[in-house]
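Notes follow the structure.
The values are calculated or read from the model by the stated rules, or taken from the named source; none is laboratory data. Everything numeric here is computed off the predicted structure, so don't read it as measured data. No Cβ is skipped: glycine too gets one built from the backbone with ideal geometry, and neighbour counts run over all protein chains shown. Ligands, DNA and RNA are excluded from the accessible area calculation, which covers all protein heavy atoms including side chains. Shrake-Rupley method; radii C 1.70, N 1.55, O 1.52, S 1.80 Å.
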Amino acid sequence: MTSMSITAGSQRATQFTESVIREMTRLAQQYESVNLSQGFPDFAAPDALKTAACEAIVGDVNQYAVTWGAKPFREAIAREFTKRYGVVVDADTQVTVCCGSTEAMMSTMLATVDPGDEVVVFEPFYENYGPDAILSGAVPRYVTLHEPDWTFDPDALASVFNARTRAVIINSPNNPTGKVFGKGELETIAALCRRWDVLAITDEIYEHILYDGAEHVPMATIEGMADRTVTINSLSKTYSVTGWRVGWAIASPELTGVVRKVHDFLTVGAAAPLQEAGVEALALPDDYYTELAAAYQRRRDMLLGLLEPRGFVCYRPRGAYYIMTDIGGFGFDDDVEFSRYLVSDVGVAVVPGSSFYHDLRLGRTKVRFTFCKRDETLHEAGRRLQGVASRATAR
Ligand SMILES: Cc1ncc(COP(=O)(O)O)c(C=O)c1O
């Protein structure tokens with residue numbers, strides 16, 4: 001089918017809608033609501049990073065860095081991954097610095113997937129993966145994570161792998177569910193990857209945000225997976241700098257070669273002074289990460305304590321900084337209607353659950369809250385949520 005008019009947009013661009021999450025942020029501003037929809041902190045970034053970024057700009061690190069990333073930053077990324085997880089990474093041939101993990105994912109998909117190839121995606125999913133698949137021409141095959149523990153049925157997973165499968169996308173710790181994939185689950189996925197010669201593309205941007213003793217296991221540490229995994233990460237969440245747009249992909253030298261080519265022509269490179277500051281970030285002591293996780297666990301518990309007494313059924317996250325809730329008890333027709341009511345009448349913005357599912361029905365009684373916010377913000381949300389009512393009395 002050809003476009004009806006020159007202004008209609010390409011077939012690719014018209015296959016997906018604008019981001020629901022970013023739309024909720026706009027509605028939050030319109031209604032002056034407390035924004036617990038989009039996952040960006042409303043508290044300060046670490047001073048050490050801000051100082052390092054300012055010094056880099058004043059020191060005139062203001063021109064293009066090497067397209068695949070400044071060497072000291074790539075070395076820091078490789079060093080930390082090896083130190084933490086015992087997988088040897090060569091900074092010169094295996095690391096590509098991108099404009100956030102968003103671009104790392106898009107460059108990886110464009111570099112590795114051909115139109116018509118199938119890509120396995122777990123749902124509920126981080127909403128970018130659908131458009132990522134469409135833009136790269138892939139056919140997404142969805143596998144459901146089932147609440148309350150967000151487990152998958154190994155047979156259902158096995159049934160979507162076939163000769164056309166090119167990649168599986170895994171996000172652990174997971175947005176929106178807070179699931180942390182266990183080693184056994186990763187081994188199940190890995191066995192299918194090896195059997196069908198499939199790539200694992202893993203989004204690990206919440207690797208340090210873990211609760212209740214949960215442990216992050218990178219797919220690249222699973223036997224036989226280092227060469228068939230692209231590990232994606234960024235500064236955004238770990239260092240509370242989502243606006244910096246600095247991320248990276250770690251992969252085998254062969255895969256890195258193709259990812260770098262796409263990345264170069266897509267964006268040329270990530271901000272050079274912020275890569276300098278990234279070297280500082282990755283050199284922070286272990287205490288930084290322990291305190292980060294502890295602070296988020298406290299916020300998680302605070303939000304759980306505000307939501308559960310109000311009638312939200314909460315799925316307790318083990319990682320990342322979101323709480324998926326079931327809102328079936330409020331009697332609204334669906335998640336979108338309930339989210340609009342919350343943002344306009346109650347004054348709290350959330351994300352409708354259906355935006356995380358390709359099978360919209362699975363999200364119809366769910367909404368997602370984020371808790372990467374100051375105590376005051378969470379308390380204010382709690383105060384407003386005292387006004388939440390069931391459908392019978394809300395309108
Ligand atoms: C799972 C996941 N991946 C990627 C991103 C975007 O990361 P970045 O800022 O590095 O592009 C987000 C942001 O919310 C996310 O939740």
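If you average the sequence gap of Cα pairs under 8 Å that are 6 or more apart and divide by the length of segment 294-395, what percent do you get for the contact order?
30
In percent, what relative contact order does segment 42-134 have, based on Cα pairs under 8 Å that are 6 or more apart in sequence?
Averaging sequence separation for qualifying contacts and normalising by length gives 19 percent for segment 42-134.
Rounded, prolate or oblate, given the Cα gyration tensor of segment 131-274, with a/c below 1.5 counting as rounded?
Here segment 131-274 falls in the oblate category.
Just add up the charged neighbours of K179: K/R +1, D/E -1, any other residue whose Cβ is under 15 Å from the Cβ of K179.
-4
For segment 314-365, just say rounded, prolate or oblate: build the C-alpha gyration tensor, square-root its eigenvalues into a ≥ b ≥ c, call rounded for a/c under 1.5, and beyond that prolate if a/b exceeds b/c, oblate if not.
The shape class here is oblate.
Nothing charged except the Cβ atoms of Lys and Arg (+1) and of Asp and Glu (-1): what's the magnitude of the dipole of the chain about its Cα centre? Round to the nearest 20 debye.
For the chain, the charge dipole is close to 600 debye.
Determine, from the Cβ-Cβ distance of L266 and R383 and an R0 of 45 Å, the FRET efficiency 1/(1 + (r/R0)^6), rounded to the nearest 0.05.
0.55
Specify whether the C-alpha gyration tensor of segment 1-65 places it in the rounded, prolate or oblate class, a ≥ b ≥ c being the square roots of the eigenvalues: rounded for a/c under 1.5, otherwise prolate if a/b is larger than b/c and oblate if not.
Oblate shape, in that a/c is at least 1.5 and b/c is the bigger or equal ratio.
Could you calculate the FRET efficiency of E32 with Y85 from 1/(1 + (r/R0)^6), where r is the beta carbon distance between them and R0 is 41 Å, rounded to 0.05?
Working from the Cβ atoms, E equals 0.40.
Would you report the distance distribution of C-alpha pairs in the chain as whole percents per 10 angstrom bin, up to the bin with the largest distance?
5, 23, 32, 27, 12, 2, 0
Give the accessible surface of segment 294-372 per residue, rounded to a whole number of Å², with probe radius 1.4 Å and ligands, DNA and RNA excluded.
I get 33 Å² per residue for segment 294-372.
If you build a Gaussian network model of the chain, linking Cα atoms that sit under 10 Å apart, which residue out of A191, A104, A156 swings the most?
A156
For the chain, with all protein chains present and a 1.4 Å probe, just round the carbon and sulfur fraction of the accessible area to a whole percent.
Exposed carbon and sulfur together represent 53 percent of the surface.
Just to be sure I understand: with springs between alpha-carbon atoms less than 10 Å apart, which residue in A283, A138, A52 has the highest mean-square fluctuation in the Gaussian network model of the chain?
Comparing A283, A138, A52 in the GNM, the peak value goes to A283.
Which net charge results for the neighbourhood of F356, defined as the other residues with beta-carbon distances under 15 angstrom from its beta-carbon, given Lys and Arg at +1 and Asp and Glu at -1?
Value of the local net charge: -4.
Grab the beta carbon distance between L360 and D60, set R0 = 41 Å, and tell me the FRET efficiency rounded to 0.05.
About 0.20, to the nearest 0.05.
Leaving out ligands and nucleic acids, and using a 1.4 Å probe, what accessible area per residue does segment 84-192 come to in Å²?
Computed with neighbouring chains in place, this is 32 Å² per residue.
So for segment 160-279: antiparallel DSSP bridges make up what percent, rounded to the nearest 5?
The antiparallel fraction comes to roughly 30 percent.
When only C-alpha pairs under 8 Å and at least 6 residues apart count, what is the relative contact order of the chain, in percent?
Reported relative contact order: 23 percent.
Rounded to two decimals, what is the ratio between the C-alpha radius of gyration of segment 174-220 and 2.2 N^0.38 Å?
Its radius of gyration relative to the 2.2 N^0.38 Å reference: 1.22.
Run the quick spin-label model on T67 and E337: label points 7 Å from Cα toward the beta carbon, then report their separation in nm to one decimal.
That separation, rounded to one decimal, is 5.2 nm.
Along segment 295-307, what does the Karplus equation 6.51 cos²θ - 1.76 cosθ + 1.60 (θ = phi - 60°) give for ³J(HN,Hα), rounded to whole Hz, x for Gly and Pro?
5, 5, 5, 5, 5, 4, 5, 5, 5, 4, x, 8, 7
Using only protein heavy atoms and a 1.4 Å probe, report how much of E32 is accessible, in Å² to the nearest 10.
Answer for E32: close to 140 Å² accessible.
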